[in-house]
Each structure stands twice: as structure tokens, then as C-alpha cells.
Amino acid sequence: MSQKTLTEDTQSGAAEAQSAASSKRWWILAIVAVAQLMVVLDATIVNIALPSAQKDLGFSDGNRQWIVTAYALAFASLLLLGGRIADLFGRKTAFLVGVVGFAGASALGGAANSFGMLVTARALQGVAGALLAPAALSLLNTTFTDARERARAFSVYGAIAGAGGAVGLLLGGVLTDAFDWRWTLYVNVAIAFVAFAGGWVLLSNHRDAAGSKLDVPGTVLVAGGLFSLVYGFSNAETHDWSSPQTWGFLIVGVVLLAAFVWWQNRAEHPLLPLRILLDRNRGASFLAVLITGAGMFGVFLFLTYYLQLNLGFSPTKTGVAFLPMIGALMVMAQIGTTVLVPRLGPKVVIPLGFAIAMVGMAWLTDIGVGSSYTTHVLPQLIVIGAGLGMVMPPAMQLATGGVAAEDAGVASATVNAMQQVGGSIGTALLNTLAASAATDYLAGKDARSKLVQAQATIESYTTAFWWSAGFFAAGTLIALVLYRRGVPQQDADAAPVVHM
């Protein structure tokens, strides 16, 4: 056989291997997207089913919030630990254990015969999610290293992260109407089966930080700090802001997180190496995710109330009403990450996305008692979705881009933590401000009048929307100031190696 023939055969074999590896990467993206959707939609899918669950299990209105809060507390406080476990023990192991744990906790919740059993299941879902979510995101970070492919992968992932809450509302409404509230939990078992089978076949278990050790003091400090912050903000919904259970836990949370930062400068194997936070574009991206999490709450929760209570939509119809927002978000996620950021840079694209979302949210304040969905909700949702699609996926991509492979898990966990803490802040602030607005409107009026009551609820919704618009305005300014000029360049030295 000639040397030319050998060379051609070698090149042909290399091309086939590269094509197979590329195909495998996109299958990994599909599996990661399925797992991420399960985690994200679970933050809202149960919300629509809460009234049915409350009637079935007989718990009080005061206890109802713990069905949501138990998940948020466990998820937020353990995220950094989950991310570091993925780095230390392998992302495939973390991913598969997280998927199985999430499915088991969901099955337990679906079979709950008491309030305590349901809350326990929701907390266990949060624990499993804290292991699964950073493993999923870090798998993208270490699988897609080509700049163009990475942008496409993160456009999909970011769209799911941004639209998952609305998908949860839709799926929760359909399952509650068609079956009962338990299926909002049982559905995770089917999703988990697909994610587990795909992960088992496609993933390998390379450990990039196998030589490091777990930072136990740092783990305790950051878990306690995040728990206290989320718990403090959650208490603001049921207690006054002047209550020690609110400001006391918030102060404890800030102190513990400050101690965590101090310790990370001294630890031999830090849980969150501060070099991850000190990159200017990455730090700006973490803040963008935090602000987006806080502002999006105004769309999902209060608009759900408005559609169901004021316009008389069913749970299923409410979920369908959010579909145009999801469509706009997914389209702009693709355009933002693959076209706009590579050409214009994040300093232009992300502030513009925040500004568009701000305009849409401010426009949504025009709703009234006699408004219609077609004219007073639909156009605004499309604008908001387009704006958020220009923010979430690029910010998530930049937050994890250029991170060394051994830090991919904890960097991914930080992104998820920012989104979760932002959502908790938005929940507490907007609920409190909305309730105060309704109370102020009723002062001096006939509170027995149905028209007055309806207008009071409109005042509470529009107040929440104005504050959400304010969050996005702040995001516009912060992104404009913090992001570096120009198009991000891929650092060949920092780029992680592909492990599949």
C-alpha cells in the first residue's frame, strides 16, 4: 500500500472520528437540556397545583409557602457543594446520582399523604437539584470548547433556564386539569428516566479536580450563608421586615458569606477560588443572572394571578398564554449568543437586552380591570421574552467561559446560586411591595365593593411590574458599566479539555 493511500486513510478515519465526536456532543446537549428543564420547571410547576394539594392534604395558608420554600432553601444552600462534588468525583457520577435522587424525591412527593411528607420530598428535590444543576452546566462547559458550537449550545441551555419557569406553569396547568396535582411531581420520573439513560450511555466520568480536597469550613460557611439569606427573604413574605426572623437571618447570611470570602483567600483548596469571581466579564455576568432572576418573578407570579383571577383563565390556558414569551426568548437566545455577542460584544448586547425587557415590563403596567390578553398582555410578553433572550444565555455563557476544567463545576454552581438567590430576593420584595400597594389603595375606600377590590389587586400587580422594570433598569446600567468593550476572545490556555 502506498504512503499516499495510508495518509488518505488516516485523514478519512480522523474526519469520521471528529464527526462522531461532534454528533455525540449534540446528544450530550440534548440530555443536559432535558435534565436542566426538569430542575428549572420544578420551581414553578408545583405552584399552580398548590391549591389542589392544599385541599387534598388539608394544610393551612400559612404553611403553603413551605412547599416552595423547602425546595429553594435546600437547592440554594447546597449548590456550591454540589458543584465542587462534580469537580472532585466526576460529573457523570454527580449527574446520574442527581437525576436518580430527583426522581426518587419526586415520586415521594407525588405519593405524599401529609403536609410533612410533601415538604420533606420538596427539600430532597432541592438537595438532588443542587447536585444535578451544576453538573449539567459544567458538562456543557467542558464538552463545547469551539467558540461557535459553544455559543449554540448555551443558546439552548440559556433559553431553557429563562423559559423553564413558564414551561412549568404550562405543564403544571395541563397536568392539574387533566389528572390531579400529584402528576406535577410524578412527571419528573419520566423525564429523569430519559436523562439517566442518555447520561449513562453518553457521558464519561473524568475528574478534573481529583487531586484537590473538599473545603469543609468553606462548605459550612457558604451553605449557612445562602440558607440564611433565602430563609430571611422567605420570612419577609409571612413576617414584617422589622421581624427578627427576617432581618436577623439576613444579617447572619451576610456575615457568613463575608466570612466565606475571607476564608477562601486562606484555604489551601478553596471551595470557590476567587479567581473565578474577579474576571470582569464573569463578575458582570453573575450579577446579570442575579438581576434577571429577581425581575422575572414579576412576570411569572403576578401575571399568573392576573390571568387567572382577573381574566378568568384556567391553569392550562394560563400556561398557554406564556408560550409567545417562550418563543420570543428562544429565538433571541439563538440570535444573541451566535450572532450578536460574537459581532458586537456583551457590553452592547446584554445592556440592550435588559433595556428591552425593562420597556416590556413598564408597558405591562398598562393593564386594568377591563383589559384583554390580546392587546394588554401578549405584545408585552413578546417584548419581555426577546429582551431576556438577549441577557440570560449570553450571561450564562460568559459566566462559565474561560474557566479551567477543575473549576467548571463550582463556576456553574455559582451561576445557579445567583439565579436562585435573585429569585428569592424578587419573591420577598415584590410580594411585600404588592401587598402594601393594595393596602394603600384600599385606605379610605369601601373595601366591600368588588370593583374597589379588583382595582386594588391591579394596583398590586402594576406595582410589582414597575419594580421589576426597575430591576431591569439597574441591570442595564450595571451591565453597561462592568462589561469590557469588544468581542470576548477565547483563552486557549484556560479553555477546558473535552471529556465525553
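Taking the criterion of being open to solvent by 10 Å² or more (accessible area, probe 1.4 Å), hydrophobic (A, V, I, L, M, F, W, C) and not in a helix (DSSP H, G or I), the only residue of the stretch 106-159 that qualifies is ALA111. With respect to the conditions (1) in a helix (DSSP H, G or I); (2) surrounded by fewer than 23 Cβ atoms within 10 Å (Cβ to Cβ), LEU78 lacks only one, and its number is (2). Would you check if VAL46 is at pLDDT 80 or above, under 30 Å from GLY98 (Cα atoms) and buried (at least 19 other Cβ atoms within 10 Å of the Cβ)? No: the conditions fail for VAL46.
Pairs are defined by a Cβ separation below 7 Å, a sequence spacing of at least 6 or placement on different chains, a first member in the stretch 298-315 that is on the phi < 0 side of the Ramachandran plot and of a type in the set (Gly, Ala, Ser), and a second member that is open to solvent by 40 Å² or more (accessible area, probe 1.4 Å) and part of a helix (DSSP H, G or I); the pairs so defined are GLY298/TRP467; SER314/ASP177. Scanning the stretch 30-55 for residues that are among the hydroxyl-bearing types (Ser, Thr, Tyr) and either within 14 Å of the chain's Cα centre (by Cα) or not in a helix (DSSP H, G or I) (or both) turns up just one, THR44.
Listed here are the residues, each with its yes/no results for (1) part of a helix (DSSP H, G or I); (2) open to solvent by 30 Å² or more (accessible area, probe 1.4 Å); (3) out of contact with any helix residue (DSSP H, G or I) (no Cβ under 9 Å at 6 or more places or on another chain); (4) farther than 29 Å from MET330 by Cβ.
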{"position": "LEU429", "(1), (2), (3), (4)": "yes, yes, no, no"}
{"position": "SER436", "(1), (2), (3), (4)": "yes, yes, no, yes"}
{"position": "LYS445", "(1), (2), (3), (4)": "no, yes, no, yes"}
{"position": "ALA454", "(1), (2), (3), (4)": "yes, no, no, yes"}
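Pairs are defined by a Cβ separation below 6 Å, a sequence spacing of at least 6 or placement on different chains, a first member in the stretch 462-479 that is open to solvent by 30 Å² or more (accessible area, probe 1.4 Å), and a second member that is not in a helix (DSSP H, G or I); the pairs so defined are TRP466/THR365. When each of TRP247, TRP241 is tested for being farther than 17 Å from ALA413 by Cβ, of a type outside the set (S, T, N, Q), in a helix (DSSP H, G or I) and open to solvent by 70 Å² or more (accessible area, probe 1.4 Å), the lone residue that passes is TRP247.
The set of residues in the stretch 268-284 that are assigned to a loop (DSSP other than H, G, I, E, B) and either surrounded by fewer than 14 Cβ atoms within 10 Å (Cβ to Cβ) or over 21 Å from the mean Cα position of the chain (by Cα) (or both) comprises GLU268, HIS269, PRO270, LEU271, PRO273, LEU274, ASP279. Do we find that ALA417 is modelled with pLDDT of 85 or more and among the small types (Gly, Ala, Ser) in this structure? No; evaluated as a whole, the condition is false for this residue.
Scanning the stretch 373-385 for residues that are within 18 Å of LEU352 (Cβ to Cβ) and surrounded by 23 or more Cβ atoms within 10 Å (Cβ to Cβ) yields GLN380, ILE384, GLY385.
Among the residues making up the stretch 389-404, those that are open to solvent by 10 Å² or more (accessible area, probe 1.4 Å) and either basic (Lys, Arg) or assigned to a helix (DSSP H, G or I) (or both) are GLN397, LEU398. The number of residues in the stretch 53-68 that are modelled with pLDDT under 80 and either surrounded by fewer than 18 Cβ atoms within 10 Å (Cβ to Cβ) or among the charged types (D, E, K, R) (or both) comes to 6.
Condition check ((1) farther than 26 Å from VAL299 by Cα; (2) touching a residue at least 60 places away in the same chain (Cβ under 8 Å); (3) hydrophobic (A, V, I, L, M, F, W, C)) across all residues:
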| residue | (1), (2), (3) |
| --- | --- |
| GLY101 | yes, no, no |
| SER138 | yes, yes, no |
| ARG150 | yes, yes, no |
| THR176 | no, yes, no |
| ASN188 | no, yes, no |
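Per the conditions (1) at pLDDT 70 or above; (2) more than 23 Å from PHE297 (Cα to Cα); (3) of a type outside the set (Ser, Thr, Tyr); (4) open to solvent by 20 Å² or more (accessible area, probe 1.4 Å), the sole criterion not satisfied by VAL40 is (2). Kindly evaluate LEU352 against the criterion of being of a type outside the set (Phe, Trp, Tyr), over 30 Å from SER234 (Cα atoms), part of a helix (DSSP H, G or I) and under 23 Å from the mean Cα position of the chain (by Cα). It is true that LEU352 is of a type outside the set (Phe, Trp, Tyr), over 30 Å from SER234 (Cα atoms), part of a helix (DSSP H, G or I) and under 23 Å from the mean Cα position of the chain (by Cα).
The values are calculated or read from the model by the stated rules, or taken from the named source; none is laboratory data. This one's a predicted model, so the numbers in the text were calculated from it and none came from an experiment. When we count neighbours, we look across all protein chains shown, and the Cβ atoms used for this are built from the backbone with ideal geometry, even at glycine. Surface accessibility is based on the protein's heavy atoms, side chains included, excluding ligands, DNA and RNA. Shrake-Rupley method; radii C 1.70, N 1.55, O 1.52, S 1.80 Å.
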